[in-house]
Amino acid sequence: MIPSSLTGRILLGPHADALYGDAPLEAALVHHGALERLAAITDIAVLRDASAVLDAWDGEPKTARAWSPAGSASPFEFMPTRGQLRTLYDAGFTIVLEDVERFVPGLRPLCHALERDLGVAPGKVNAEVFCGRAGGHGRPHFDPSFTFNAQIVGHKAWRIAPNPALRFPPTGMFLGRLPEPELAALLERPVPAAIDGGDAFVATPGTVVFLPPGVLHETRMETDSYAVAFAIEFTDTVARRVADRVRRQLDRVPELRAARLGAQGRAAAVEAATVAAALRGIAESIERDAAAIWAGDDPRYRLRAGLLAEPVSATAVALSGERVRRTVELDAVMVDALRCASTTPALGVAELLAAVPMHGTARVDEALRKLAHLGLLERVSPSEHVSTSTQEVSR
């Protein structure tokens with residue numbers, strides 16, 4: 001059976017179990033499988049080869065990068081315009097296009113499917129393409145995102161190694177460059193200028209390489225090469241989740257929100273006691289319910305109490321209730337949102353994307369917020385949906 005969607009198991013086959021376990025991911029996973037299992041990607045006509053997707057790029061600023069050809073005296077990269085893209089590719093530059101689902105709508109359901117499968121928030125997965133001529137070189141680096149690299153055309157040689165300078169680095173980095181301050185403050189030793197040792201292999205059509213954040217890697221194109229990648233950006237860590245929770249809790253105290261001059265910080269016993277009490281309260285709540293760390297913060301909605309909403313066309317809905325009885329014209333996504341809200345007790349971005357997967361996350365989120373502003377939807381309190389959100393994340 002040809003898959004019509006994407007999951008971790010479709011991409012990584014028997015190597016996918018680690019994606020659903022409890023341990024943090026820090027090692028690459030590589031599955032040399034048949035290209036046919038990636039039919040959900042290759043069935044999208046514009047994604048079958050590099051030429052088609054390069055021609056389809058919409059020219060959105062800062063969503064394309066060009067890496068200098070192999071053998072350049074001083075390697076460099078820059079962001080090309082639409083008019084420069086094909087010329088640079090033909091001249092041997094390696095081209096990376098980001099947020100490809102923006103101009104290839106057929107990718108949006110695949111991104112949403114991966115989000116649901118891997119338990120990440122809507123909008124976290126985006127698509128990229130890598131196009132390179134034979135001899136092209138992806139310089140050694142490590143990334144801040146999880147990435148599934150699916151080889152579609154050609155042969156690409158990889159070298160992968162653990163990061164010797166720091167486990168779980170908070171940012172990415174090209175080797176040989178100065179690290180960002182956030183990274184530099186944590187480094188246990190200098191970051192090497194090149195990858196020494198590690199594992200080497202060649203990706204052929206159908207190979208998928210999964211890279212967690214921080215894994216050192218470099219690539220060389222043995223032939224003209226084209227790959228589609230799915231990146232999971234801006235993922236959470238326990239440290240960030242707890243830090244955000246601490247900040248929100250302390251911001252609730254007016255005296256702690258107040259800006260202070262330096263001279264006012266010399267006698268802060270009362271404030272220190274307030275802070276300590278708040279931190280103890282957070283620690284105790286986490287000990288009582290550890291899953292609360294991962295409780296979802298995304299707003300969820302339900303149909304306003306007493307309101308009935310029945311779509312009568314793709315852009316019209318009949319509203320009826322104690323104070324309203326009329327048909328109104330609305331955006332198609334808003335109509336879909338009202339239809340879904342009529343059959344579910346708590347509707348969020350994820351549920352609506354499952355119903356209308358061809359729309360982008362931003363548009364779906366905007367539709368829900370507008371409907372709440374209009375009074376047709378109402379927010380569901382966090383206590384009503386926290387257990388559901390926790391189950392979805394830990395699934």
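Residue-wise test of (1) more than 19 Å from residue 115 (Cα to Cα); (2) touching a residue at least 24 places away in the same chain (Cβ under 8 Å); (3) not hydroxyl-bearing (Ser, Thr, Tyr).
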site	(1), (2), (3)
7	no, yes, no
14	yes, no, yes
26	yes, yes, yes
38	no, yes, yes
49	yes, yes, yes
65	yes, yes, yes
76	yes, no, yes
### Message
Restricting to the range 195-225, count the residues that are under 21 Å from the mean Cα position of the chain (by Cα), in a loop (DSSP other than H, G, I, E, B) and within 14 Å of residue 150 (Cα to Cα).
### Response
0
### Message
Against the condition surrounded by fewer than 23 Cβ atoms within 10 Å (Cβ to Cβ), part of a helix (DSSP H, G or I) and not aromatic (Phe, Trp, Tyr), how does residue 109 come out, does it pass?
### Response
yes
### Query
Just one of 280, 248 is surrounded by 10 or more Cβ atoms within 10 Å (Cβ to Cβ), at pLDDT 85 or above, more than 30 Å from the chain's Cα centre (by Cα) and basic (Lys, Arg); which is it?
280
### Task
Check the range 185-193 and report whether any residue there is touching a Pro at 6+ places or on another chain (Cβ under 8 Å) and within 14 Å of residue 138 (Cβ to Cβ).
no
### Task
Could you identify the single residue in 335, 328 that is in a strand (DSSP E or B), out of contact with any Lys or Arg (no Cβ under 6 Å at 6 or more places or on another chain) and farther than 16 Å from residue 125 by Cβ?
328
### Query
Residue check: is residue 80 modelled with pLDDT of 90 or more, more than 14 Å from residue 221 (Cβ to Cβ) and assigned to a loop (DSSP other than H, G, I, E, B)?
yes
### Query
Can you tell which of 375, 348, 306 is at pLDDT 85 or above and touching a Gly at 6+ places or on another chain (Cβ under 7 Å)?
306
## Note on the structure
Per the filter on the range 355-371, residues surrounded by fewer than 19 Cβ atoms within 10 Å (Cβ to Cβ), farther than 13 Å from residue 110 by Cβ and among the hydrophobic types (A, V, I, L, M, F, W, C) are 355, 362
### Query
Within the range 20-79, how many residues turn out to be among the polar types (S, T, N, Q) and either in contact with a Lys or Arg (Cβ under 6 Å, 6 or more places away or on another chain) or buried (at least 17 other Cβ atoms within 10 Å of the Cβ) (or both)?
3
### Query
Are any residues in the range 1-12 in contact with a helix residue (DSSP H, G or I) (Cβ under 8 Å, 6 or more places away or on another chain) and modelled with pLDDT under 95, and if so, which ones?
2, 3, 4, 5, 6
### Query
Going through the range 51-63 one residue at a time, which ones are assigned to a helix (DSSP H, G or I) and in contact (Cβ under 8 Å) with a residue 24 or more places away in the chain?
53, 54, 55, 56
### Task
Return only the number of the condition from (1) under 18 Å from residue 123 (Cβ atoms); (2) touching a residue at least 40 places away in the same chain (Cβ under 8 Å); (3) among the aliphatic types (A, V, I, L, M) that residue 380 does not satisfy.
(1)
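The values are calculated or read from the model by the stated rules, or taken from the named source; none is laboratory data. Computed from a predicted structure; not experimentally measured. For neighbour counting, all protein chains shown are included, and Cβ atoms are generated from backbone atoms with ideal geometry for every residue, glycine included.
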